[in-house]
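The block underneath contains the structure these notes are about, expressed in structure tokens.
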Amino acid sequence: MKLNELLKNVKPLDIIGPTDIEIVGLDIDSRQIQSGFLFIAIRGTQADGHQYIDKAIAQGALAVLCETLPEQRQEGVTYVTVQSTEDSVGAVATAFYGYPSRKLQLVGVTGTNGKTTIATLLYNMFRKMGHRCGLLSTVCNYIDGQPIEAHHTTPGPIELNRLLAEMVEAGCEYAFMECSSHAIAQKRIGGLTVRGGIFTNLTRDHLDYHKTFENYRDAKKAFFDTLPKTAFAITNADDRNGMVMVQNTKAEVKTYSTRTLADFKARIIECHFEGMFLEINGREVGVQFIGKFNVSNLLAVYGAAVMLGKQPEEVLVVLSTLKSVSGRLEPLRSPMGYTAIVDYAHTPDALENVLNAIHEVLDGKGKVITVCGAGGNRDKGKRPLMAQEAVKQSDRVIITSDNPRFEEPQEIINDMLAGLTKQQMKKVLSIVDRREAIRTACMMAEKGDVILIAGKGHEDYQDVKGVKHHFDDKEEVSKMFE
């Protein structure tokens, strides 16, 4: 594509060199630049792309999009300066890939918890309805059933538009996408045409990056602020930030709730470990999920499907056939008569939700043993809160290693234990080795008990000192069943 076509939706401050040159690719990583590429220099959190302009040109870059010109400019290279390359990269990427989001019904899901579940269930639902669909999620990206490994909750703008273009090429009509707060703040979804947005909930997370809860909230809200009149915005009326999210949106606002009047409303009629019987907007339906928070997730799915033009009756029929996302409240039954539940819960609120769901089903008829930890090089403030939440709702707690990354596992455990009183410590063990912690929990469990193994869910690795070692909570539990 010609450079001047790529710059159609960008406001250059200055252009040095010709713009009718042919661009064959683009990247923000100088190491990925090839002959005929456009290099976009972004001031990132780890490095400043402006320092790598010369390297990108040496690799074959024909043009450079930057905020400040380098002191030494090279012959035969076009330099384009803009106010913010972070703001511009989405617009350039979507133009290069032929505006793929305009050719799809793209729905974004944001919030602290529930994004993966909602996006994945929508993807599975619309495929069951006979549509070709794409999915962009924490667990995996899919293009009409074809898995593509996910490295981030939301890919960078160039990779994101490339994946959307591949979805269009594969004949996809719909795409469902998790929108992380990092992705919104870093303008990774800039330039996209979105058909609808869903807000799940907002609790403490990623404060290592956003610094304050207000910054975190505003990053989520920015997604809804940019939705057009042609879009819909579905928000959780049960969350105190639910209406804040949509107060400035131009989109058509719809609400969902399990507690108050809303456009999409539900209540639990019956609950078992195998699933629940619900009433949604006056109609009864059996679902293969447990927990009040999952009722909220299912309501968001139901609402989005209805807003995308599906009949409520058809939506409920398909909803009853859907299964839980891998590593999200996933039950494993032991031959010894206890149940192990593997879940991704890695925030205090998510832990509270999962434990509430377990107690709703147990109804006082068994003990709860919780195995949990906290990730290294992430928000330290939530560590004592997670330990408190686990102790509050469990009979026994084993604090263990999660993904320590570049921190010492014992120090992370100490941070968690610091939130507990002497009395609370009486029902807590700390075992650094996660495998041993899971084994100990299984040995403690008796018939009718529930073990919650929280924090890693679908992950099949443990991140230690920059190396990902194979480790799967489900595998470890299953070994104890043999």
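The values are calculated or read from the model by the stated rules, or taken from the named source; none is laboratory data. This is a predicted model, so every value here is computed, not measured. Glycine also receives a Cβ, built like all others from the backbone with ideal geometry; neighbour counts cover every protein chain displayed. Areas reflect the complete protein model, heavy atoms only, side chains present, ligands, DNA and RNA absent. Shrake-Rupley method; radii C 1.70, N 1.55, O 1.52, S 1.80 Å.
Computed values, structure above
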{"item": "Residue check for H469: modelled with pLDDT under 95 and either in contact with a strand residue (DSSP E or B) (Cβ under 8 Å, 6 or more places away or on another chain) or open to solvent by 20 Å² or more (accessible area, probe 1.4 Å) (or both)", "result": "no"}
{"item": "Scope the range 397-440; condition within 22 Å of Y344 (Cβ to Cβ), open to solvent by 50 Å² or more (accessible area, probe 1.4 Å) and not aliphatic (A, V, I, L, M); matching residues", "result": "F406, D415, S430, D433, R435, E436, R439"}
{"item": "Failed item in (1) open to solvent by 60 Å² or more (accessible area, probe 1.4 Å); (2) in a loop (DSSP other than H, G, I, E, B); (3) under 18 Å from K382 (Cα atoms); (4) charged (D, E, K, R), with E446 passing the rest", "result": "(3)"}
{"item": "Top-ranked residue in the range 319-329 [being surrounded by fewer than 20 Cβ atoms within 10 Å (Cβ to Cβ) and not polar (S, T, N, Q); ranked as modelled with the lowest pLDDT]", "result": "K323"}
{"item": "Meets criteria (buried (at least 19 other Cβ atoms within 10 Å of the Cβ), modelled with pLDDT under 95 and on the phi > 0 side of the Ramachandran plot) for G111", "result": "yes"}
{"item": "Filtered residue count, the range 402-423, keeping only those that are within 19 Å of V354 (Cβ to Cβ) and more than 20 Å from the chain's Cα centre (by Cα)", "result": "2"}
{"item": "Meets criteria (farther than 18 Å from F471 by Cα, in a helix (DSSP H, G or I), at pLDDT 95 or above and not aromatic (F, W, Y)) for V391", "result": "yes"}
{"item": "Residue, nearest to S88 (Cα to Cα), within the range 13-54, restricted to residues that are touching a Leu at 6+ places or on another chain (Cβ under 9 Å) and of a type in the set (S, T, N, Q)", "result": "T19"}
{"item": "Cross-chain or 6+ apart pairs with Cβ under 8 Å, the range 419-431 first and of a type in the set (D, E, K, R), then part of a helix (DSSP H, G or I)", "result": "K427/V391"}
{"item": "Residues (outside any helix (DSSP H, G or I) and either in contact with a helix residue (DSSP H, G or I) (Cβ under 9 Å, 6 or more places away or on another chain) or buried (at least 16 other Cβ atoms within 10 Å of the Cβ) (or both)) located in the range 48-68", "result": "A61, L62, A63, V64, L65, C66, E67, T68"}
{"item": "Extreme residue, farthest from K392 (Cα to Cα), among residues of the range 333-360 that are surrounded by fewer than 19 Cβ atoms within 10 Å (Cβ to Cβ) and more than 24 Å from the chain's Cα centre (by Cα)", "result": "P335"}
{"item": "Condition check for V82: aliphatic (A, V, I, L, M), in contact (Cβ under 8 Å) with a residue 60 or more places away in the chain and open to solvent by 20 Å² or more (accessible area, probe 1.4 Å)", "result": "no"}
{"item": "The range 466-478 residues that are free of Cβ contacts under 8 Å to residues at least 24 places away in the same chain, paired with ones that are open to solvent by 50 Å² or more (accessible area, probe 1.4 Å) and of a type outside the set (F, W, Y) (beta carbon under 7 Å, 6 or more apart)", "result": "H470/D460; D472/D460"}
{"item": "Residues located in the range 5-22, provided they are touching a strand residue (DSSP E or B) at 6+ places or on another chain (Cβ under 9 Å) and not in a strand (DSSP E or B)", "result": "L6, L7, V10, P12, L13, G17, P18, T19, D20, I21"}
{"item": "Residue tally, condition in contact with an Asp or Glu (Cβ under 9 Å, 6 or more places away or on another chain) and either assigned to a loop (DSSP other than H, G, I, E, B) or farther than 27 Å from D349 by Cβ (or both), over the range 449-477", "result": "12"}
{"item": "Filter result for S401 (out of contact with any strand residue (DSSP E or B) (no Cβ under 6 Å at 6 or more places or on another chain) and hydroxyl-bearing (S, T, Y))", "result": "yes"}
{"item": "Q424 in contact with a Pro (Cβ under 8 Å, 6 or more places away or on another chain) and of a type in the set (S, T, N, Q)", "result": "no"}
{"item": "Among residues of the range 30-45, those that are closer than 21 Å to G190 by Cβ and open to solvent by 40 Å² or more (accessible area, probe 1.4 Å), counted", "result": "4"}
{"item": "Residues satisfying the stated conditions in the range 122-171, i.e. crowded, with 22+ Cβ neighbours inside 10 Å and free of Cβ contacts under 8 Å to residues at least 12 places away in the same chain", "result": "none"}
{"item": "Selection count, the range 1-27, where residues are closer than 17 Å to G190 by Cα, open to solvent by 80 Å² or more (accessible area, probe 1.4 Å) and in contact with a helix residue (DSSP H, G or I) (Cβ under 7 Å, 6 or more places away or on another chain)", "result": "2"}
